[in-house]
Amino acid sequence: MSVQMTEIRWHARGGQGAKTAALFLAEAVLEKGKYGQGFPEYGPERRGAPMRGYTRIADAPIRRHCMIEHPGIVIILDPTLLDSPAAAVTAGTGKGTVFIVNTTETPAFISKKLGVKGAEVHTVDATGIALDTIGRPIPNMPMIGAFLAVNDVMTVEELKGALVKQLGSKFSQVVIDGNLNAVDRASKELVSA
C-alpha cells in the first residue's frame, strides 16, 4: 500500500520565514492526527540568500527523509527567485504541479515566466498582506493561508487554532492576531488562473 503524501517545496531568501513555515505546517497537521515532516535546506548562507524548505504531510507514518525532488506544490516567498537560475524553482516539476507565488503579478504572467506546461499557478500579495496585518514584510504565514486555499490538508480555522497554540506562549496577542488575520486574508485573496 502506498502512502498518499503531500510534498511541498518552499523557495525563499533567508529571513523571510520559509524554515519557520515549513516546520510550523508540519507541526500543525499533527493536531489533526496526520503525520508531518518539515525541514530546511541551506548551508552557510546569510539573511537574503536563497534557501529551500520542505514539508511532507501524510495520513500514515512518513518513512522518507530526503529532500523533495518532485514536489506536488511549490511555494515561492520571493518573486525575484523566479529569475534566479541558482534557485531552480521549477526543478523536478511538471504537469499538475501547483505553484503558489508571492507577487502582485497575475497567474498568467507568472505561468509564462515559469514555463512549466500543465502547471497550476496561483498568486497572492503575501508581502502586502504581512505589512498590513503584522507590520513586517515577512510573507510566511500569509503563504500558508494561500496554500490552504488550494489544498485541504486542514481548514483555515484548524490552522488558526494550531497557530494560537504554538505562538501563544512566545508572542504578544497583537502579533498572534496579526498572523491570524494574515492567514485568513491570504486564503481569501489568492488569485487563480
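The values are calculated or read from the model by the stated rules, or taken from the named source; none is laboratory data. Because the structure is a prediction, the values reported are computed rather than measured. For neighbour counting, all protein chains shown are included, and Cβ atoms are generated from backbone atoms with ideal geometry for every residue, glycine included.
Output the helices (runs of 4 or more DSSP H) that fall wholly within the stretch 116-191 and possess 2 or more residues being at pLDDT 90 or above and over 24 Å from Arg52 (Cα atoms), or say none.
Helices (runs of 4 or more DSSP H) meeting the threshold: 126-133, 156-167, 173-189.
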Practice task
May I ask you to verify whether Leu114 is of a type outside the set (Ser, Thr, Tyr), more than 15 Å from the chain's Cα centre (by Cα) and more than 30 Å from Ala88 (Cα to Cα)?
Solution key: no
Completion exercise
Pro61: passes all of (1) at pLDDT 90 or above; (2) under 17 Å from the mean Cα position of the chain (by Cα) but (2)
Problem - Count of the stretch 163-190 residues which are aliphatic (A, V, I, L, M) and surrounded by fewer than 19 Cβ atoms within 10 Å (Cβ to Cβ) - result: 5
Handout entry: Search result, residues across the stretch 98-111 that are under 13 Å from the mean Cα position of the chain (by Cα) and not aromatic (Phe, Trp, Tyr)
Key = Val98, Ile100, Val101, Asn102
Practice task
Kindly indicate whether Ile62 is farther than 21 Å from Val183 by Cα, in contact with a Phe, Trp or Tyr (Cβ under 7 Å, 6 or more places away or on another chain) and surrounded by 16 or more Cβ atoms within 10 Å (Cβ to Cβ).
Solution key: yes
Practice task
State whether one or more residues within the stretch 18-26 are of a type in the set (Phe, Trp, Tyr), in a helix (DSSP H, G or I) and within 13 Å of the chain's Cα centre (by Cα).
Solution key: yes
